[in-house]
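> Dropping the structure in here first, questions after.
No value in this document is a laboratory result; all are computed from the given coordinates. The model shown is predicted, which means the values in this text are computed figures rather than measured ones. Cβ placement follows ideal geometry from the backbone for every residue including glycine, while neighbour counts extend to all protein chains displayed.
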Amino acid sequence: MGRNSDLDKFKTRDFSIRRKLYNICSVITVISLSVALIETVITYDSNYYKLILAGALLLYVAITIITAKLKKTNFGTGVTAFLIIFFYIPFSFFTGGGVCGDAPIWILYAILYVSVLMIGPIKKVFYGLIVIEMVVCYYVSFKYPERIQSYPDNVEHVYSLVSIVLIGIAIGIIVDYMVNLYQRQRIQSHSQMQEIKALSDSQNQFFSSMSHEIRTPINTIIGLNEMILRENISDEVAEDAANIRAAGKMLLSLINDILDMSKLESGQMVIADESYHPGDMLSDIVGMLWIRAKEKNLDFNITVAHDIPDELSGDEVRIKQILINVLNNAIKYTKEGSVKLSVQCEKLDDNKVNMIYTIEDTGIGIKKEDIPYLFTAFKRVDETQTRHIEGTGLGLSIVKRFTELMGGKVTVNSIYTVGTTFIVEIPQKVISDKNIGEVNLEHSKNVEKLSHYKSRFEAPNAKVLLVDDNASNIMVESKLLRDTKVQIDTASSGAEALEKTLAKEYNLIFMDHLMPEMDGIECFKAIRSQVGGMNRNTHVVILTANADEEHKILFEKEGFDAYLAKPVSGEELENTVYRFLPSDMVNVLGSAEEIFEETISWMQDNKKKKTVSVTSESVADIPNELAERYEISVIPHMVKTDEGLFRDGTEIDTQGVISYMRKPEHHIETRSPDTKEHEEFFAEELKKANNVVHISISSKVAHSGCPSAMEASKAFDNVTVIDSGHLSSGQGIMAIEAAKMAARGKSAEEIVEEMKHLKDKVRTSFVLDDIDYLARSKQINPKLANIVKSLSGHPVIMLKNGKIGLDSMIFGSRRYAWKKYINSTLRHEGGIDKSILFVTYVGLTNKEMEWIRDRIAEKAKFEEIIFQKASPAIAVNCGPGTFGLLLKEL
């Protein structure tokens, strides 16, 4: 409603400006006509001209009054322009000296009038009319000068001067008004920008404060909850505590989403670039979300490729946020079945990999028409299905924008009511050459208690100062460090901290950021410059609820030794203390990590998804050997007879089709896969590959599967359908070339681009014994077929621009026609790719095929000649005694 209101205001303001300009122009036009009338009264004896101008003036005044009363500016503008162009200018031109008079000046005024007051297509129409009028007037003046009347008594100088003054004043007034209008608009725009910036800053400050205020109590909840899990407690209490921990972390994730959306909208988001261990990150994610899946009785699986680098560099926090959002959505919208996370990587170069996270679910799916709106903030698709599901509508918008900020992309493939697959690709720098390997990356199922918790080290002689104005935070942090046996002092303000640092030397100081009177940064600077202070060189770690990248950069700039975001875990606190304490103070006790049941499986090389899978159709006539070699999957067409519907190539063979077609009374036709069948086919392929490139039969032939494949691909961001413009082995050549590119590691985008060029190089043609079959299958016009048949020739058909057309007719015996066809097809031998030639045939004997091979060898030397029996669906269209030479040009 707000947007419509703003738009209405804008339109109203724009219309008001045009009305003012119209009024200005109207006044100028009335004055001009009045002056012209006065000039005519003084200089002309004839009453004829006086009456015409007087009538024009009265008519224009009437139009102006009517326009003002009706408030129809468009009407007044159109009529005025029409009168100026088709009355005043021609009248002035032919009665006032032609090109030497004042008419050319009024043509300029007409152009200005149309430019300023008219909008839309009508403006172009009037521009055209002005040009036509100028051409006609100047032509008449040049060709028939006798038709141009001069001013009486040589007063053309007066007329010209008056016109220049009037038009000059008019142009000056209009330009001055528009300049002033522009300046006012600029000032107003600047003022609005300042207001927007102030509002944005205020909003960011609010979200930042909100984040801080919420994180502080959560720090207490999660910290004390961790202490409960360390105790010897019952399984029921342990499960309750684990649920509290998971809920706390999800609440933090939601807070981060709200805060980050604010920063994204204001353009203040900064992406970090720090080293991290993907195994630890994945363990943390699964630990957070497993319990939510368990509550809904969903299977939750994670599969990780063992060749992922052990250490990467990037923004771990944002990547974790992305995965949590997508996985959380998958769990929310899945009522039964499973949610699966698969992780693998592709090497981009020696120092970079493309991390690929695939999240699959068996949930409600997404309608094709809703996919374009999936990543829109605050919008939820298919409200009828999702109105009972909680959520802010921010998650996927943040996912997309974070992914793009990191140079990656997120794609979605979904079949409504069946399930959805999200694929998130993010390039990351490689820090370690070591692979993550087949290690036991395990995590808590959130129901295990930490009763066997044991600190990694003890440091009884170490002195640690905790500075925080919140007593709960000090209590939590003290308890979390209790088992390390470090000596802990506390201070509730910056002033108290300075008193303690003046009197005692500490090995490490944990400093809260936001405190009254003196904040953490001010206190840190005071400690560093404290006269007589004993901690000017002590390590100081900032503890803050402001967990964004902007504050992190600020703390680094100020010189803090480390940064910990609240809520802070016991493990983070212990690791930080261990890192900064002198080694002689630390007594290492060994790893005390609890070993839990493994829920992460490891992806073997043969189970990894391919980057690109190339698919096609049974009508592409790809030999089984090549289809298996290049892993090309095909979706079958169907052959429909009076006996039923049969799957092309599996439930019916070519010989059976030929035998069946020999009887004219037998009805037979082909049917391509429909949209649903294509969707199921693509969904199955996406289980084996991250992207699918589908080479389809030409969309311009009858019974083409291309339109339904195109429609089905709308449900999948990772499926690209290419209209090959060919059929049979011509289509197959393109599929094989695409599969070769995929095997060489080319991306889907590179393959698609190459196919655009390749389709113009492939030649698809056939020589037929009988054109009746093409007519019966409605591939060509039956009337054309009758004409060809009456000539008793052998038709040669060729695909041009994707359409089947009659290329030529060869008269004579079958062998003569075949030889002529071969010679014609291979006549430009030098421009043909000799690596492979497909001879696709229907109903030929071995002896006939050998004869064809010999004729080809006489004409050109190919590295490989493949005789491929046409699929039943192709045979239906061509009939027996047909073969084609299908090849690629250089």
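> For every other residue with a beta carbon closer than 14 angstrom to the beta carbon of Ala497, add +1 if it is Lys or Arg and -1 if Asp or Glu, then tell me the sum. The partial results should precede the final answer.
On the way: positive: Lys463, Lys500, Lys504, Lys525, Arg528, Arg536; negative: Asp468, Asp469, Asp489, Glu496, Glu499, Glu505, Asp512, Glu517, Asp519, Glu522.
After counting each charged neighbour, the total is -4.
> Another question, if that's okay. Per-residue counts of other Cβ atoms within 10 Å, averaged by peptide: what ranking do you get for 329-335, 24-30, highest first?
Numbers: 329-335: 20.0, 24-30: 18.3.
Highest to lowest by the protection proxy: 329-335, 24-30.
> Sticking with this structure for a sec: Starting from the Cα-Cα distance between Asp299 and Asp350, subtract it from 0.36 nm times their residue separation and give me the gain in nm to one decimal. Write down the numbers at each step before the final one.
On the way: separation 51, 0.36 × 51 = 18.36 nm, distance 3.68 nm.
This chain segment gains 14.7 nm when fully extended.
> When Lys and Arg each count +1 and Asp and Glu each count -1, what net charge do the other residues less than 15 Å away from Phe682, Cβ to Cβ, add up to? Before the final figure, lay out each step's value.
On the way: positive: Lys368, Lys609, Lys610, Lys676, Lys687, Lys688, Lys714; negative: Glu360, Glu617, Asp674, Glu677, Glu679, Glu680, Glu684, Glu685, Glu711, Asp717.
Net local charge, Phe682 excluded: -3.
> So, one more: Can you list residues from other chains, or at least 5 along the same chain, whose modelled amide H is less than 5 Å from the amide H of Leu887?
The answer is Arg763.
> Something else: Quickly rank 85-98, 274-287, 748-761 as a protection proxy: mean count of other C-beta atoms within 10 Å, highest first. List each step's numbers first, then the result.
Details: 85-98: 19.8, 274-287: 17.9, 748-761: 15.8.
Peptide ranking by packing, descending: 85-98, 274-287, 748-761.
> What is the extension gain from Val140 to Glu236, computed as 0.36 nm multiplied by their sequence separation minus the C-alpha to C-alpha distance, in nm to one decimal? Don't jump to the answer; show the numbers that get you there.
Numbers: separation 96, 0.36 × 96 = 34.56 nm, distance 10.31 nm.
Contour length minus the Cα-Cα distance gives 24.3 nm.
> Compute the FRET efficiency between Arg744 and Asp833 as 1/(1 + (r/R0)^6), taking r as their Cβ-Cβ distance and R0 = 22 Å, and round to the nearest 0.05.
Numbers: r = 17 Å, r/R0 = 0.80.
Working from the Cβ atoms, E equals 0.80.
> Among 552-558, 488-494, how do they line up by average Cβ neighbours within 10 Å per residue, starting with the highest?
Taking the mean over residues of other Cβ atoms within 10 Å, the ranking is 488-494, 552-558.
> Assuming R0 = 56 Å, can you tell me the calculated FRET efficiency for the pair Leu161 and Glu754, based on Cβ-Cβ distance, to the nearest 0.05? Walk me through the numbers before you get to the answer.
Numbers: r = 70 Å, r/R0 = 1.25.
It comes to 0.20.
> Right, another one. Among residues other than Thr411 whose Cβ falls under 9 Å from its Cβ, what is the net charge (Lys/Arg +1, Asp/Glu -1)?
On the way: positive: Lys409; negative: Glu425, Asp717.
Local net charge: -1.
> Another one. Would you list, by chain and number, the lysines whose Cα falls below 27 Å from the Cα of Lys72, excluding same-chain residues fewer than 8 positions away?
Lys9, Lys11, Lys20, Lys123, Lys124
> Also: On a straight-distance basis, which lysines could pair with Lys294 in a cross-link, Cα separation under 18 angstrom, same-chain partners fewer than 8 positions away excluded?
Lys249, Lys332, Lys335, Lys340, Lys445, Lys449
> Along the range 560-573, what does the Karplus equation 6.51 cos²θ - 1.76 cosθ + 1.60 (θ = phi - 60°) give for ³J(HN,Hα), rounded to whole Hz, x for Gly and Pro?
5, 7, 7, 9, 10, 8, 7, x, 9, 8, x, 5, 5, 4
> Continuing with the same structure: Give me the number: length gained by fully extending Ser529 to Ala54, i.e. 0.36 nm times residue separation minus the C-alpha to C-alpha distance, one decimal in nm. Display every interim value, and only then the final one.
Details: separation 475, 0.36 × 475 = 171.00 nm, distance 9.23 nm.
That works out to 161.8 nm of additional length.
> Right, something else. What nm distance separates the two modelled labels at Ile132 and Arg853, each placed 7 Å from Cα along Cα→Cβ?
Each label point is offset 7 Å from its Cα along the Cβ direction, giving 7.2 nm.
> What nm value, rounded to one decimal, do you get for the distance between Lys640 and Val99 when each label is placed 7 Å out toward the C-beta?
Placing both labels 7 Å along Cα→Cβ, they lie 7.2 nm apart.
> If you don't mind, another one. Distance check, please: which entries in Lys687/Lys761; Lys687/Lys714; Lys756/Lys859 exceed 26 angstrom between their Cα atoms? The partial results should precede the final answer.
Numbers: Lys687/Lys761 32 Å; Lys687/Lys714 17 Å; Lys756/Lys859 30 Å.
Check vs 26 Å cut-off fails for Lys687/Lys761; Lys756/Lys859.
> How high is the FRET efficiency between Ser492 and His306 when r is their beta carbon distance and R₀ equals 41 Å, given to the nearest 0.05? Write out the running numbers ahead of the final one.
On the way: r = 50 Å, r/R0 = 1.22.
It comes out at approximately 0.25.
> With each pseudo-label sitting 7 Å past Cα toward Cβ, what's the Asn74-Val35 distance in nm, one decimal?
About 3.3 nm separates the two model spin labels.
> Right, here's the next one. In sequence order, what are the phi-derived ³J(HN,Hα) couplings for the range 820-831 according to the Karplus relation 6.51 cos²θ - 1.76 cosθ + 1.60 with θ = phi - 60°, rounded to whole Hz, with x for glycine and proline?
Residue by residue, the range 820-831 yields 4, 5, 4, 4, 5, 5, 9, 5, 9, 4, x, x Hz.
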